[in-house]
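One structure is given here, and the rest of the page talks about it.
The values are calculated or read from the model by the stated rules, or taken from the named source; none is laboratory data. Fair warning: this is a prediction, and the values are worked out from it, not measured in the lab. Neighbour counts run over all protein chains shown; Cβ positions are idealised from the backbone, glycine included. SASA here: full protein model, heavy atoms, side chains in, ligands and nucleic acids out. Shrake-Rupley method; radii C 1.70, N 1.55, O 1.52, S 1.80 Å.
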Amino acid sequence: MSKITRMLRLTRSAIFLLGIRIYNTDSAKMSMWSHLILGTLLLVSTSWSQPLVLDEAAAITYLEEYDRLAADMSYQYAEAAWKYETNITEETLANMTEWSLKRSDFNYREAKNASRFDLSKINNQNISRLLRKVMDIGTAAFPDTVKLEKISDLEGEMTSIYSRARGCLNTTTCLPLEPDLVDIIANSRNYAELTAAWKGWRDASGRNIKKLYPEYVSLLNEAITFEGKYKDMGDYYRSSYESPTFENDVKALFLELAPLYENLHAYVRRRLKEHYGADKFPSTGHIPAHILGNMWAQDWTNIYDLVAPYPDKRTVDITKALIDQNYTIIRMYKVAEDFFSSIGLYKMPHLFWEKSLLVKPVNREVVCHASAWDFSNKRDFRIKQCTALTEEHLLTVHHEMGHIIYYLAYKDLPYLYREGANPGFHEGMADIVTLSFQTPEHMKKIGLLDAIPGQNDTEGDINFLFRMALSKAAFLPFGYLVDQWRWSVFRGETKPERYNEKWWDLRCDFQGIYPPVERSNADFDPGAKYHIPGGTPYISYFVSFVAQFQWHKALCKVANIAGPLHRCDIYSNTIAGARLNDMLKMGSSRPWGEAMLKITSGTSGQTDKLSVAPLLEYFDPLIKWLQENNKKYNEILGWDKKNCPNFLSPHILSGSPRVQNITFILTMMSALFSIAISIIEN
Ligand code: KAW
Ligand code: ZN
């Protein structure tokens, strides 16, 4: 080694050491300057010489130390975020932002440290995967800590507006989303009341978030593009799927599922017309967005009683059964825990019962949107949910506990692998047991239903499948479109002045619904959905809704459970549980295709890809029934995709394609006239 190289390396080590000293200070301001100075120094120092060639043993030692520090940092941040989300105040927000910055500092420093290892000299795939993960730090690579702080602040502020919002039904009655507005939209059958709740919620939430969102978008984009690795924040979110074709892949899946949705939509539209009157349904074919039983029209289960295929058959009312049987909130969690432990998965650790927030507190503001938390110390896992005694919440309890089960399955992996194989896997795992749990067989087993449709009871079977479709199939376009909107915003294709217009273009186009009251770009309806102000990607739910059927099919097959897929209940089947666990315990240690293969291998659905085939197989009898029924009533499938009723767009006069064509023709004619006149005059 030449003297100069040695000197340069010594200098660089000194800079790293100095960095660690500076970074260990507590002050955020100091941290900003240190980050900037150190960032510059590190940039200069690393460009002086080639990366140090360090061997695998050194990398292993480094990663062990990293693991301890990263888990500790994650714990501290999670505690700060938990304190904020379970008690929204200025102080808890400031504390969370402070820890968010400390975590960014930590990630930044470690990414630089890891970059000293020459990946081309490391043969062990596992070590290089881990080192790559240390270096993939997203927005933390951005050295401007003032802007990073602003991002964290904006996200906290938006979540706070969303969580504290009270939607007004009139001048005197203003109510929170959970439980009040959610209940009105679920249970009211009064068109005017539904309209008030729908509009009231958007006025109180989205409209107030609107002013913060453009800055949030531009700061995130600035931070994520700094390193030159990602095109925009959407590109970064999509990178979790480790596939260059991801966007096209989900589009293809969505298109394959569209016929199922269109048949469901046409049938439900006809039945809702019978109830609310045909005058509420425009000739474009869209359904009013507020009469589907859910604030975002994403899950239609709550209108089952209005649209059941065979209404004379007894309808299931699990919510009523929960109330009649004096269920408590804790019992709902015990029922979910019992499901997971019956298939040989885990029980909730004692800290879960001690520290979770399971009911909405009365004396303080909290983020009610449900979530499951991993405190990265292998023993502290919590759920935060404003649980109510309803069927919908019982399913959410299973969903959130599914996340915790995934956490428990991979808790002994290196910190960097303690994630889903991809974000859709985490959501899929959270939902998979609902496919067994909701079968009439299982409901009867746990005493929430007293009779099940028999082998030859086609009508009862269709009623059940239809009910499942109201949650699983109705959700598909919404699950797909939320991130279509967000990706378009991050790409810069949709500018702030057209945020709401784009949102309704997608809602009208993909879901076939329209806003019940006039909307314009002064509104910000995406902000009325938690995951937008919360900065939580949404495509994971679409992926989950596809994958959970693939896994359900595979588990039913390995467990040798006979009968159609939609009546399979894996409860108490430890073979199914073990197969599921084999996949869960991989965490994100391998690309997700391998995890998919792990669970599907040896079954007819064996694959390392996403596939809609099991979902379509599950709903097959219903699809046939819907097709026949729609034909019988001469229902025209679909809606006018280019025309969104009730959206007032200022550029309708100047910017619609038709007007643009007319304008173009007039301009051309006037130009031709001018030329003709000048020729004549000359
Ligand atoms: C849904 C829609 C219709 C029918 C059934 C459904 N099940 C799930 C959905 C979609 C979605 C929704 O409500 O729109 N569900 C949720 O948001 C449930 C909450 C969550 O468990 O998915 C939660 C969301 C969250 C993410 C990040 C921060 C805060 C909240 N996700 C997690 O807690 C979580 C845990 C581990 C890994 C990944 C996510
Ligand atoms: Zn979830």
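Set the bar at 30 Å for Cα to Cα. Now go through LYS347/LYS529; LYS121/LYS150; LYS210/LYS642; LYS112/LYS150; LYS384/LYS445; LYS445/LYS553 and name every pair that lies beyond it.
Values: LYS347/LYS529 32 Å; LYS121/LYS150 39 Å; LYS210/LYS642 25 Å; LYS112/LYS150 23 Å; LYS384/LYS445 28 Å; LYS445/LYS553 21 Å.
Flagged as over cut-off: LYS347/LYS529; LYS121/LYS150.
Quick one: with all protein chains in place, what share of the accessible area of segment 392-479 is carbon or sulfur, to the nearest percent (1.4 Å probe)?
Details: 1130 of 2360 Å².
Carbon plus sulfur share of accessible area: 48 percent.
Report the extension gain between ASP144 and SER283 in nm, rounded to one decimal, defined as 0.36 nm multiplied by the number of residues separating them, less their alpha carbon distance.
Taking ASP144 through SER283 to full extension adds about 44.8 nm, to one decimal.
Only helical DSSP H runs with n ≥ 4 go in: add -39500 (n - 2.57) per run for the chain, normalise by residue count and round the 222 nm mean residue ellipticity to 500 deg cm²/dmol.
Taken over the chain, the calculation gives -19000 deg cm²/dmol.
Under a plain spin-label model, where a point goes 7 Å from the Cα along Cα-to-Cβ, how far apart in nm are VAL359 and GLU222?
For the pair VAL359/GLU222, the computed spacing is 4.6 nm.
Between SER604 and ASN643, what length comes free when the chain is fully extended (0.36 nm per residue of separation minus the Cα-Cα distance, one decimal in nm)?
9.8 nm
Which shape class, rounded, prolate or oblate, goes with the chain when its Cα gyration tensor gives a ≥ b ≥ c as root eigenvalues, a/c under 1.5 marks rounded, and past that a/b bigger than b/c marks prolate?
Taking the square roots of the gyration eigenvalues as a ≥ b ≥ c, the chain is oblate.
How far is it, in nm, from the label point at ASP324 to the one at ASP118 when both lie 7 Å from their Cα along the line to the Cβ?
7.4 nm
Explain nothing, just the number: relative contact order of the chain, from Cα pairs under 8 Å at least 6 residues apart, as a whole percent. Show your work: numbers first, answer last.
Values: 952 pairs, mean separation 109.2, N = 682.
Dividing the mean separation by the residue count of the chain yields 16 percent.
Under the classification rounded if a/c is under 1.5, otherwise prolate if a/b is larger than b/c and oblate if not, where does segment 163-310 fall, given a ≥ b ≥ c as square roots of the Cα gyration tensor eigenvalues?
Judged from the Cα gyration tensor, segment 163-310 comes out oblate (a/c at least 1.5, b/c at or above a/b).
Describe numerically, in nm with one decimal, the distance between label points set 7 Å from Cα along Cα→Cβ at ASP412 and at THR89.
That separation, rounded to one decimal, is 4.1 nm.
Starting from segment 218-279, pick out the trypsin sites (Lys or Arg not before Pro) whose DSSP state is loop and whose Cβ has at most 15 other Cβ atoms within 10 Å.
LYS229, LYS231
What net charge is computed for the residues neighbouring TYR633, neighbours being all others with C-beta under 13 Å from the C-beta of TYR633, Lys and Arg scored +1, Asp and Glu -1?
+3
What shape does segment 346-387 take by its C-alpha gyration tensor, where a ≥ b ≥ c are the square roots of the eigenvalues and a/c under 1.5 counts as rounded, a/b above b/c as prolate, and the rest as oblate? Walk me through the intermediate numbers first.
Numbers: a/c = 2.31, a/b = 2.04, b/c = 1.13.
Because a/c hits 1.5 or more and a/b exceeds b/c, segment 346-387 counts as prolate.
Would you kindly state how much longer the chain becomes between CYS174 and GLU497 on full extension, computed as 0.36 nm times their sequence separation minus their alpha carbon distance, in nm to one decimal? Could the numbers behind the result be given before it?
Details: separation 323, 0.36 × 323 = 116.28 nm, distance 2.86 nm.
Length gained, CYS174 through GLU497: 113.4 nm.
I need the calculated FRET efficiency for the pair GLU459 and ASP55, taking r as the beta carbon distance and R₀ as 56 Å, to the nearest 0.05.
Taking R0 as 56 Å, the efficiency between GLU459 and ASP55 is 0.20.
Please compare each pair in LYS378/LYS609; LYS360/LYS585; LYS273/LYS631 to a cut-off of 22 Å on the Cα-Cα distance and tell me which ones are over it.
Table pairs above 22 Å Cα-Cα are LYS378/LYS609; LYS360/LYS585.
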